Amino acid sequence: MSRLFDIIMRIVTIIAMIGLLGSYTAPYINPNVFYFSSLLGYTYHYLLIVNIILLLYWIARWKKIAILSILIIAAGYPLITTYYGLNPQTVPDAPHDLSIMTYNIQMLGIGEKDAPAKIENYINNSGNDIVCMQEFPQREASFKKFPAYPYYHRNRDVALVSRYPIINKGVIKFDKGHSAACVYGDIAIGKDTIRVYSVHLESYRLGKNEQQIYKELTSGNTQNATQGVKTISSRLVTANRNRAKQAQIIKDHMLQSPYPVIICGDFNDTPISFAYHTLSEGMKDCFIEKGRGLGNTYIGEFPSFRIDHILHAPTLGTVSYTRDTVKYSDHYPVQSDIRF
């Protein structure tokens, strides 16, 4: 019986190893070329945990397969440091030149009676120099609700507000039918100028139907499981493919910037994704530099991931990173102090 159990555990371990190795490819394979890798990227966190548990089992059994398991887990160490913040507690009020925040405000907390006032007060009193917002109301009058920030720029549902002058601004255009939006502004801070992008990449467009499917699947109702998985997977793949294209368009624009770049926003993608990898290549991620733990930023109906990011040019430095856990929206706000 023990021998049969070992055989079953070996099969499970090999499948888990292959799955984990597959998830490692998600940041590097364009989903427009091969989409399955992008789906495996969502399972990275869970596959890593499963592989660690299986590793402990094989160590306890004193079996050589544990060595292979260690090697496969170790091969993904760069992704571990991208996914999990391993930094000590940051020093409060350390010297810095700029405070910046990104916040998906969900149309000012749509559906919640007191949410608009709470979000407005929170942002105005946050003390940040620049705030990048996504799902911003598409009304010019909305900027009047943020008097702490006299300079602003908006397109579609993304906005950029600043205490400092925006001396030049523009819009990144995407293919028709894409729901992404991105604006940028060149901001003069003393003798320095930086370019800041506020971005909202393609959403999954998961509505009430998909929410119901997800609830049924997670509650154990498998009656329509096959069709449900196909429906949600199709939405994920389409969004992954579109974000890959959008990220490349933004990256090409960033590379032409005459100033150091900071890009903030709701990428709608985890650190184990092609879109994130495209935008973060050659950049510093404030979470990796100063963050701790998982740092999940989405708190809606579906599984939580870190999909809101602050990246900056390597010539700049991260002083601190904070994810505030106020629940005025379906995202947490993310803030970072940066030095020039």
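Only the coordinates and a few stated rules stand behind these numbers; no lab work does. Quick caveat: nothing in here was measured; it's all calculated off a predicted structure. As a convention, Cβ positions derive from the backbone with ideal geometry for all residues, glycine included, and neighbour counts pool all protein chains shown.
A compact table of results
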| read-out | value |
| --- | --- |
| Residue in the range 72-121 that is surrounded by the most Cβ atoms within 10 Å (Cβ to Cβ), counting only those that are small (Gly, Ala, Ser) and part of a helix (DSSP H, G or I) | Gly109 |
| Restricting the range 258-296 to residues that are assigned to a loop (DSSP other than H, G, I, E, B) and of a type in the set (Ser, Thr, Tyr), the residue that is nearest to the chain's Cα centre (by Cα) | Thr270 |
| Unmet requirement for Met9, which otherwise passes all of (1) touching a Leu at 6+ places or on another chain (Cβ under 9 Å); (2) within 29 Å of Tyr204 (Cβ to Cβ) | (2) |
| Residue pairs meeting the criteria (Cβ under 8 Å; at least 6 apart or on separate chains; first under 27 Å from Asn296 (Cα atoms) and without any contact (Cβ under 8 Å) to a residue 40 or more places away in the chain, in the range 61-83; second surrounded by 12 or more Cβ atoms within 10 Å (Cβ to Cβ) and among the hydrophobic types (A, V, I, L, M, F, W, C)) | Ile70/Leu55; Ile80/Leu48 |
| Qualifying residue in the range 127-137 (condition: out of contact with any strand residue (DSSP E or B) (no Cβ under 7 Å at 6 or more places or on another chain) and not in a helix (DSSP H, G or I)) | yes |
| Restricting the range 239-257 to residues that are part of a loop (DSSP other than H, G, I, E, B) and free of Cβ contacts under 8 Å to residues at least 12 places away in the same chain, the residue that is surrounded by the fewest Cβ atoms within 10 Å (Cβ to Cβ) | Gln256 |
